[in-house]
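Each value in this text was obtained by applying a stated rule to the coordinates, not by laboratory testing. Computed from a prediction, not measured in an experiment: that's the story for all the values here. With ideal geometry, Cβ positions are generated from the backbone for all residues, glycine too; neighbour counts draw on all protein chains shown.
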Amino acid sequence: MAKFINPFTDVGFKIIFGQEMTKDLLIDFLNDLLVGERHIQDITFLDKELQPEFQGDRGVIYDIYCTTDDGDHIIVEMQNRPQVNFRERALFYLSHAITRQGERGVVWQFNLKAVYGVFFMNFRLGDSPGKLRTDIVLSDRDTHEVFSDKLRFIFIELPAFTKEEEECITDFERWIYVLKNMETLNRLPFKARKAVFEKLEKIIDIASLTKEEREKYDESIKVYRDQLVTIAFAKEKGIEEGMEKGMEKGRKEGEKMKQLEIARNMKAKGFAAEDISELTGLPVKEIKEL
């Protein structure tokens with residue numbers, strides 16, 4: 001039985017990053033994520049559910065939604081499986097946090113606070129392998145000069161991270177290693193370097209959960225495992241269908257080659273293109289080009 005919680009379950013993720021008592025863990029992670037760019041002193045958790053502004057509009061529910069001590073907005077999401085239009089969904093989520101900053105009246109002058117979206121993903125964002133982190137900003141297409149720093153996407157592709165404990169160099173990598181391997185560890189590494197991991201180790205110990213937390217966590221584990229089974233089945237089905245399609249494609253290509261060979265032989269013997277077409281099913285134009 002695992003000693004530590006699975007951080008990729010809905011409950012596990014929020015135990016680590018979504019509680020007032022553990023907000024120092026989220027602050028530490030964000031500072032390691034944004035090292036060299038900014039340093040966050042404090043965060044304030046906001047209501048994760050944004051109600052629609054207009055009748056018929058669609059609301060948004062975030063995993064974690066907070067503001068920093070300087071007023072910037074940060075949205076943190078954990079996504080275990082690919083979704084249709086995932087990138088557009090991410091854009092929609094951040095856009096909501098932008099538009100909600102608008103104030104009624106003539107005084108407001110579009111003095112927006114930045115919105116950061118941090119997306120943990122247990123799948124690939126694209127076809128390119130080996131890219132753990134993808135940063136998306138608004139910039140000029142030719143010069144790459146930043147147009148605005150008010151919208152920022154950071155996608156973290158967990159399958160791309162394959163480093164062992166001793167290979168982790170940065171504190172960001174140490175965070176990713178711990179999160180990715182948490183459920184299989186018996187102790188947390190890096191505690192001598194990162195004091196915050198001492199607290200993390202206590203928070204994630206399954207034995208330390210309250211009865212209510214344990215019940216919610218056990219239910220979230222069932223949901224998580226059901227998702228994995230669904231994904232595995234979809235992949236297997238996709239492979240089977242791919243093989244079937246491949247075999248069908250090969251069969252059709254073989255038939256086409258046979259028809260072309262017959263057409264060439266008939267054409268060499270002086271048969272008219274129309275007659276060859278009637279026999280082989282090939283277009284007259286294609287036969288004339290042989």
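Residue by residue through region 98-127, note down the ones that are touching a strand residue (DSSP E or B) at 6+ places or on another chain (Cβ under 9 Å), small (Gly, Ala, Ser) and farther than 23 Å from Asn6 by Cα.
So the first thing to find is which residues in region 98-127 are touching a strand residue (DSSP E or B) at 6+ places or on another chain (Cβ under 9 Å), and the list is 98, 100-101, 112-126.
With small (Gly, Ala, Ser) added as a condition, the list becomes 114, 117, 126.
Passing the criteria: Ala114, Gly126.
Among residues of region 188-217 being more than 20 Å from Thr9 (Cα to Cα) and free of Cβ contacts under 8 Å to residues at least 60 places away in the same chain, the one that is surrounded by the fewest Cβ atoms within 10 Å (Cβ to Cβ) is Ala192.
Among the residues of region 24-50, just one is in contact with a Cys (Cβ under 8 Å, 6 or more places away or on another chain) and part of a helix (DSSP H, G or I), namely Leu26. Of all residues in region 164-187, those satisfying the criterion of being under 23 Å from Asp10 (Cβ atoms) and touching a residue at least 24 places away in the same chain (Cβ under 8 Å) are Trp175, Ile176, Leu179, Met182, Glu183, Thr184, Leu185.
Per-residue answers, yes or no, for (1) of a type in the set (A, V, I, L, M, F, W, C); (2) touching a helix residue (DSSP H, G or I) at 6+ places or on another chain (Cβ under 8 Å); (3) not in a helix (DSSP H, G or I):
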residue	(1), (2), (3)
Ser148	no, no, yes
Leu151	yes, yes, yes
Ile154	yes, yes, yes
Thr162	no, no, yes
Arg187	no, yes, yes
Lys191	no, yes, yes
Lys194	no, yes, yes
Glu198	no, no, no
Glu201	no, no, no
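When region 80-116 is limited to residues that are aromatic (Phe, Trp, Tyr) and not in a loop (DSSP other than H, G, I, E, B), the one that is nearest to Val137 (Cα to Cα) turns out to be Tyr116.
Would you confirm, using the coordinates I've provided, whether Lys131 is in contact with a Leu (Cβ under 9 Å, 6 or more places away or on another chain), assigned to a loop (DSSP other than H, G, I, E, B) and of a type in the set (D, E, K, R)? When the stated conditions are applied, Lys131 passes them.
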